[in-house]
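Student: Here it is, the structure, as structure tokens.
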Amino acid sequence: MRGGFPVRDSSAISALLTETPLFASLSQADSIDLSQRFHTKQYDKGQVILHHEDPGHNFFILTRGSVKVTRPLSTGAEAVINILYPGEFFGEMALLDGRPRSASVYALESTEVIVLYRSDFVDFLASHPDAAREIIVVLADRIRRLNDRIEDMMARDLPGRLARRLMEWVRKRGQKAPEGIKLHVPMTQSEMAGMVGASRQRLNGLLGQWQ
């Protein structure tokens with residue numbers, strides 16, 4: 001046990017790592033070794049997992065629930081950058097530079113994560129140089145996709161931005177239903193509006209037209 005986190009079964013964590021893009025290319029032996037360095041923690045709905053500008057000491061993989069990632073605006077409001085679900089991860093930049101957090105993360109519902117401390121990750125990389133190269137490639141790809149999202153925000157109008165975001169959620173969380181695809185998004189309309197760069201009133205009007 002470390003920092004009050006109960007240790008989860010390492011075999012379950014190893015299996016999860018094989019499905020997480022950041023670690024999917026690791027060998028079985030490396031995955032087992034790394035899994036033993038993770039710890040679990042649980043959060044209630046609305047609880048803060050990370051604060052913007054907190055020290056960056058650890059990395060998280062979602063195992064249950066969902067979270068929203070936000071950044072403060074100059075107006076004092078918060079913009080919702082992303083919604084993450086089980087199997088997705090956050091805090092990865094802290095693994096490399098340990099600098100303060102660039103965003104805040106909140107639990108949208110009862111949520112469980114597994115946590116890797118930066119010091120443990122650095123120790124792992126020192127003894128697994130092949131794994132280090134694979135992880136760097138995945139992080140570079142993640143940055144490229146973030147750049148694509150920024151370009152998308154600048155080039156598309158509101159209907160295009162909203163449609164693309166809804167389709168991303170459908171691919172991740174959509175469930176087949178008699179009337180089509182059922183999608184539960186644990187967000188307020190204000191939060192959703194922040195994700196696509198619109199006012200709540202404009203978003204509400206557009207959703208009403210589509211419905």
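The values are calculated or read from the model by the stated rules, or taken from the named source; none is laboratory data. The shown structure was predicted, so the numbers you read here are calculated from the model rather than taken from an experiment. Here Cβ is always computed from backbone atoms with ideal geometry, including for glycine, and neighbour counts include all displayed protein chains. The protein model used for the area step is the full one, side chains on, heavy atoms only, and it has no ligands, DNA or RNA in it. Shrake-Rupley method; radii C 1.70, N 1.55, O 1.52, S 1.80 Å.
Student: Go through (1) under 18 Å from residue 132 (Cβ atoms); (2) among the β-branched types (Val, Ile, Thr); (3) in contact (Cβ under 8 Å) with a residue 40 or more places away in the chain and name the single condition residue 13 misses.
Tutor: Tallying (1) under 18 Å from residue 132 (Cβ atoms); (2) among the β-branched types (Val, Ile, Thr); (3) in contact (Cβ under 8 Å) with a residue 40 or more places away in the chain, residue 13 fails exactly one: (1).
Student: If I go through segment 1-18 residue by residue, how many of them are modelled with pLDDT of 85 or more and either polar (S, T, N, Q) or in contact with a Gly (Cβ under 9 Å, 6 or more places away or on another chain) (or both)?
Tutor: The qualifying residues number 3.
Student: Give segment 186-211 a look and list any residue that's under 29 Å from residue 44 (Cα atoms) and modelled with pLDDT of 85 or more, or say none.
Tutor: 204
Student: Among the residues of segment 162-178, which ones are touching a Leu at 6+ places or on another chain (Cβ under 7 Å) and open to solvent by 40 Å² or more (accessible area, probe 1.4 Å)?
Tutor: 170, 173
Student: Go through segment 130-185 and report how many residues are small (Gly, Ala, Ser), assigned to a helix (DSSP H, G or I) and at pLDDT 75 or above.
Tutor: 5
Student: I'm trying to understand the selection: among the residues of segment 54-84, which are outside any strand (DSSP E or B), under 20 Å from residue 189 (Cβ atoms) and hydroxyl-bearing (Ser, Thr, Tyr)?
Tutor: Across segment 54-84, the qualifying residues are 66, 75.
Student: For segment 23-64, name all the residues that are among the small types (Gly, Ala, Ser), open to solvent by 10 Å² or more (accessible area, probe 1.4 Å) and modelled with pLDDT of 90 or more.
Tutor: Passing the criteria: only 46.
Student: Can you tell me which residue is surrounded by the fewest Cβ atoms within 10 Å (Cβ to Cβ) among those in segment 80-118 that are under 11 Å from the mean Cα position of the chain (by Cα) and among the aromatic types (Phe, Trp, Tyr)?
Tutor: 85
Student: OK, next. I'd like the full set of residues that are closer than 23 Å to residue 137 by Cα and among the small types (Gly, Ala, Ser), limited to segment 7-59.
Tutor: 14, 15, 24, 25, 27, 29, 31, 35, 56
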